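Throughout, read-outs are computed from the coordinates displayed, never taken from laboratory work. None of these values were measured; they are calculated from a predicted model. Cβ placement follows ideal geometry from the backbone for every residue including glycine, while neighbour counts extend to all protein chains displayed.
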Amino acid sequence: MTATIDIPRMEDYNVFPNSGFLPEKLPLERLPQQYYKPWEDIATNLPSLILTKRVRSVIDKKLPLLETSQLTSEEEYRRAYQVLGFLAHAYIWGTEEPTNKLPPQIAQPWVEVSDHLRLPPIATYAGLCLWNFKQIIPTEEGEDIWDLDNLTTINTFTGSIDESWFYLVSVYFEHKGALAITTGLQAIKCAYNNDIPGLVAQLQQLAEAIDALGSVLLRMEEMCDPHVFYFRIRPYLAGWKNMADVGLDKDGVLYGNESKPRAYSGGSNAQSSLIQFLDILLGVKHYSTGERPLPFRKDVPKTGPENGFMNEMRTYMPGPHQDFLKKIHEITNIHDFVLQNVDTHPELVLSYDGCLAMLKSFRDKHIQIVTRYVVLQAKKTNNMGSSTTLRSGLARKKKNGGEEKGTGGTSLLPFLKQCRDETGDPAAGNWGKRILSDGVMRLKYSKPNGINED
Ligand code: HEM
Ligand SMILES: N[C@@H](CC(=O)c1ccccc1NC=O)C(=O)O
């Protein structure tokens, strides 16, 4: 196959060779205008205001309604979005009883900055992780700003090291992911140029880059304690969709003077563009939970309804990153190219399948983390009587024995396990060209146990 292809310039989509989906420069730590001091002051003091259970009353009584017209750059819009996200989630979840109404001082400017950034007005992965880090000691001109040991977070709800670490692991992950993006783009180019040795080399490098992401994930345990995470941090990350179990109105939250409530999912790493980039690049498809088609089973349909949650989470990514994923979806050719060469180039099959194996192993490690940080902690709530621990939001005992949910609102383990299993499905090692009974050469799928089907 030789076809011309315009590999997108990643910078046009706010994606960078050194930092991937993180911004190219350090995010703004504070809005410079004196006018926005009331937002910044509350954000800075958020942990103390939450601890003393005054956050809601201070916002109600002291926070003026500010215009967004004084914001002058993308960096300032991002900072405003992020600050208001911290304020809003502290306001809703920051006391024992959640409230169903956001005051206009938060709601109005938040909706405006969110519209500008093409993000929903909720604390997303972008506000909590991508734009929420700063240097501990400022580097001199010319020094590397990406020394990860020199980074910390700008804002947290709790002021804890565990919470900072929780977000920073994702910052490290996105930074490491930059190599996977540049390599993935090169791989697409090689496939268009019919350059098989080049493609094999890129896929081998990509498999290593994905493997490195799995190691980053496991660093969560170094500084983020599962109990602190589940009982102290996670309650603030929840959104207001499907949260009736934990005390919110089933229709969500009223934003200021609007007449209809809004329901959004909370912050989740499912909103990271990096893993979705890898899925799209390699041709991994996700289906609704419980509806995964199995290519080797005659009795099961070969396609199924796409996973609505994964698609919806794309709308929780910054606008230019959504556009980038859409573009990659349009141009990616790797899976088809590998299948076309399946019988003649075993090294190609091996390198492509290696990438899938690494991505699957990443999802396996993730399930281990989720088991330790959510599933096992949730079991403890049943044994806890009333205690002084703040138990609002997702750390509450569920009404009517409701099931444990992800901050994105998914039924977490079935969803995550299916995502993991689907990652192996496009593996090329299962495919080969066969002559069928009608004499036509077709691609056939053979499950390792010998069940064949075209
Ligand atoms: C204590 C740490 C973590 C917990 C408890 C956790 C939990 C979850 C849960 C429950 C979901 C399902 C979606 C939802 O309802 O929110 C999810 C999705 C996801 N998480 Fe995590 N997560 C953690 C850390 C991470 C980290 C550090 C990464 C990446 C470095 C990550 C990557 C993902 C991805 C990519 C998804 C989307 C599903 C998929 O593509 O397989 N998670 N996570
Ligand atoms: N979905 C996770 C939360 C999560 O993964 C997350 C939420 C906000 C910001 C970053 C996240 N992941 C980071 O490591 C949960 O259900 O606890």
**Message:** For residue 262, what residues show an amide H to amide H distance below 5 Å, using hydrogens built from the backbone and excluding near sequence neighbours?
**Reply:** 253, 254, 255
**Request:** Would you please give the residues with an amide H less than 5 Å from that of residue 133, counting only those at least 5 places away or on a separate chain, with H modeled from the backbone geometry?
**Result:** 154
**Item:** Calculated from backbone phi, Karplus (6.51, -1.76, 1.60) coupling profile of the stretch 16-22 in Hz, x at Gly/Pro
**Value:** 10, x, 8, 10, x, 7, 6
**Complete:** Only helices counted: for the chain, with every DSSP H run of 4 or more residues adding -39500 (n - 2.57) and the sum spread over all residues, [θ] at 222 nm is -14000 deg cm²/dmol
**Message:** Less than 11 Å Cβ to Cβ from residue 50, Lys/Arg counted +1 and Asp/Glu -1: what total charge do the surrounding residues give?
**Reply:** +4
**Residues listed by number, the stretch 110-154, amide nitrogen under 19 Å from residue 311 label point at 7 Å toward C-beta** = 120
**Fill in**
Extension length gain for residue 7 and residue 372 (0.36 nm per residue less Cα distance), in nm, is 127.3 nm
**Message:** Using only the Cα atoms of the chain, what are the Rg and Dmax in Å?
**Reply:** 23.4, 79
**Fill in**
Computed from the beta carbon distance with a Förster radius of 45 Å, FRET efficiency for residue 139 and residue 70 to the nearest 0.05 stands at 0.90
**Prompt:** With respect to the cross-link table entries 62/134; 61/380; 250/379; 365/405; 53/365; 134/250, which display a Cα-Cα separation exceeding 30 Å?
**Reply:** 61/380; 53/365; 134/250
**Prompt:** Helix hunt in the chain: which complete DSSP H runs extend at least 15 Å axially by C-alpha with mean Kyte-Doolittle at least 0.5?
**Reply:** 196-218
**Within the chain: Cβ-based charge dipole about Cα centre, in debye rounded to nearest 20 (Lys, Arg +1; Asp, Glu -1)** = 1880
**Prompt:** By counting other Cβ atoms within 10 Å of each Cβ, how are 376, 350 ranked from fewest to most?
**Reply:** 376, 350
**Message:** Restricting to DSSP loop positions (anything but H, G, I, E, B) with no more than 14 other Cβ atoms inside 10 Å of their own Cβ, which trypsin sites (Lys or Arg not before Pro) remain in the stretch 41-100?
**Reply:** 53
**Complete:** Yeah, the stretch 195-247 with a ≥ b ≥ c from its alpha-carbon gyration tensor (a/c under 1.5 is rounded, else prolate when a/b outruns b/c, oblate otherwise) is oblate
**Fill in**
Largest-first semi-axes in Å of the equivalent ellipsoid built from the Cα gyration tensor of the stretch 8-74 are 33, 16, 9
**Item:** Taking 118, 292, 232 and counting other C-beta atoms within 10 Å, the order from fewest to most
**Value:** 118, 292, 232
**Message:** Based on the alpha carbons, how large is the Rg to Rh ratio for the stretch 134-259 when Rh follows Kirkwood?
**Reply:** 1.13
**Message:** So for each of 30-42, 181-193, 328-340 I average, over its residues, the number of other beta carbons within 10 Å; can you give me the resulting order with the highest mean first?
**Reply:** 181-193, 328-340, 30-42
**Message:** Loop-only GluC sites (Glu not before Pro) in the stretch 162-265, please: DSSP not H, G, I, E or B, and at most 15 other Cβ atoms within 10 Å.
**Reply:** 258
**Item:** Neighbourhood net charge (11 Å Cβ-Cβ; Lys/Arg +1, Asp/Glu -1) for residue 330
**Value:** 0
**Message:** Taking only the Cα atoms of the stretch 63-125, how large is their convex hull per residue, in Å³?
**Reply:** 81
**Request:** Taking every pair of alpha-carbon atoms in the stretch 1-116, give the share separated by more than 18 Å as a whole percent.
**Result:** 57
